[in-house]
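Each reported figure results from applying straightforward, stated rules to the coordinates on display, with no laboratory input. Model, not experiment: these values are computed from the prediction. Cβ placement follows ideal geometry from the backbone for every residue including glycine, while neighbour counts extend to all protein chains displayed.
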Amino acid sequence: MNEETRMDQIVSLAKRRGFIFQGSDVYGGLSGTWDYGPLGVALKRNIMNLWWQMFVDGRDDMYGVDSAILMNQKVWQASGHVDTFVDPLCEDTVNKRRYRTDHILKDNGIDPDGMTMEQMDAVIAEKGITSPDGNPLSPSRTFNMMFRTHVGPIADDSSVSYLRPETAQGIFTNYRNIVDSFYPDLPFGIAQQGKAFRNEISPRDFVFRSREFEQMEIEYFIRPDNWEAEFDKWVGLCREWFRALGLPESSVHEFEVPEEDRAHYSKRTIDFEFDYPIGREELMGIAYRTDFDLNNIQEHSGRSMEYIVKGTNERFVPHVIEPSFGVERVIMAVLSTAYTEDEVNSEKRIVMKFPEHLAPVRFAVSPLLKNKPELVEKAREVYAHVKQKYGAVMWDDNGNIGRRYRRQDEIGTPYCIVVDFETIEGDGTVTIRDRDTTEQRRVTIEEL
Ligand code: GAP
């Protein structure tokens, strides 16, 4: 199967089985938005909870926050987003459709990395590249990706606000609060999970490039003199995270982002790229943001962002290492790693081989026959018992056992438990079937 087909199969399964739907589907959709169904939201929560456990609850030096999405416009002026959070945009001169210039180059087999907007335009002119509809393209201009809105009943310049394009600024603006309330020793981190919004010129590739998505970010405050060691530590921690997600090590690649391609605030950036079915693309990044953000806040707010080392007079504005994780990119990596086609008894089967701790449903419980009340009653008992213990347990009595197994394989349920006549007449054991090997064995209900 080629990678394009594989991607189509994953998108189709995600919809068919209730993981992810197009946003506003019933009205023809809203480009770049996605809705999570029962299984999608369970998968997403498992991923986000694992992250929180690993990077916040599991550590002594991390403080969680949940800041407002709407923030004072000064936040985005100070951070540089109002002036520089832009993408290059060009237009089909005939039908007025708009495109991201670097995407046009990529789609024509040219690597735009490191090119200025003028250089991209020059390549388009030189090679005679046209729009996907075959029309000439306009020269590029910059397009700010922040969604603008007004807060309150008066729509003037003073009420302008933006839907946050990164969760990071809600962390920086709470740095002073955390220091004043908790007085942590350096280094320490502040972590946040939540929605971010970007008015992407061309959202595409399923949830990979969305206009509304979820980020998990950490600003790790450090002494400036050992930023390199702290940066390296975070590279190692991200590798651990990929292992915890069950991503094959060989599919994750480090890319040292050249200076001309780094965000305006970064002195060093490593992107982790993943071999998605759509190609090798950015999964997440780590940036050394220096004291750029805290200094800007200090300047624009007039409040000191200095950290005073306990018991001394030493004071300085801490520097920051920022690991920034996009949830949708993780979901795509996990979905594409899990998607497997194999054969069972000469029949093709699709199976999502999620790691057990990420699977949206951990157990499915069935009576062998749904028209035998004694089996159903016992199966309900087993279901209640397992559900109380594990939560993510599904009752499934639709169709014959073979069909139930196929359905549970498609949603990635690691174990199917079946109550049969031996359970009620024999030794009280149930069968438990392993998703990956399809092997069945008998265990007692207590063993479950
Ligand atoms: N605070 C730094 C920051 O936001 P970024 O590289 O612009 O850095 C961080 O974004 C991560 O957010 C990316 O590595 C990616 O995982 C995710 N991300 C960015 N734009 C996205 C989009 N349009 N759709 C889905 N995820 C996105």
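Couple of notes before you dig in:
- Condition broken by Tyr276, with the remaining ones in (1) away from the ligand (no atom under 15 Å from the Cβ); (2) crowded, with 20+ Cβ neighbours inside 10 Å satisfied: (1)
- Residues located in region 207-216, provided they are crowded, with 23+ Cβ neighbours inside 10 Å and within 7 Å of the ligand (Cβ to nearest atom): Val207, Ser210
- Positions within region 179-198 being more than 17 Å from the chain's Cα centre (by Cα) and either part of a loop (DSSP other than H, G, I, E, B) or free of Cβ contacts under 8 Å to residues at least 24 places away in the same chain (or both), in sequence order: Asp180, Ser181, Tyr183, Pro184, Asp185, Leu186, Pro187
- Residues in region 53-73 that are farther than 30 Å from Ser158 by Cα and either surrounded by 17 or more Cβ atoms within 10 Å (Cβ to Cβ) or in contact with a Cys (Cβ under 7 Å, 6 or more places away or on another chain) (or both): Phe55, Val56, Met62, Tyr63.
- Checked against (1) in a helix (DSSP H, G or I); (2) within 13 Å of the ligand (Cβ to nearest atom), Arg176 meets all criteria but (2).
- Within region 245-254, tally of residues that are away from the ligand (no atom under 15 Å from the Cβ), on the phi < 0 side of the Ramachandran plot and surrounded by 16 or more Cβ atoms within 10 Å (Cβ to Cβ): 1
- Ser202, sole failed condition from (1) in a strand (DSSP E or B); (2) more than 19 Å from Ile331 (Cβ to Cβ); (3) of a type outside the set (A, V, I, L, M, F, W, C): (1)
- Residues that are outside any strand (DSSP E or B) and free of Cβ contacts under 8 Å to residues at least 60 places away in the same chain, drawn from region 408-419: Gln408, Thr413
- Residues of region 263-306 that are among the small types (Gly, Ala, Ser) and farther than 30 Å from Glu3 by Cβ: Ser266, Ser301, Gly302, Ser304.
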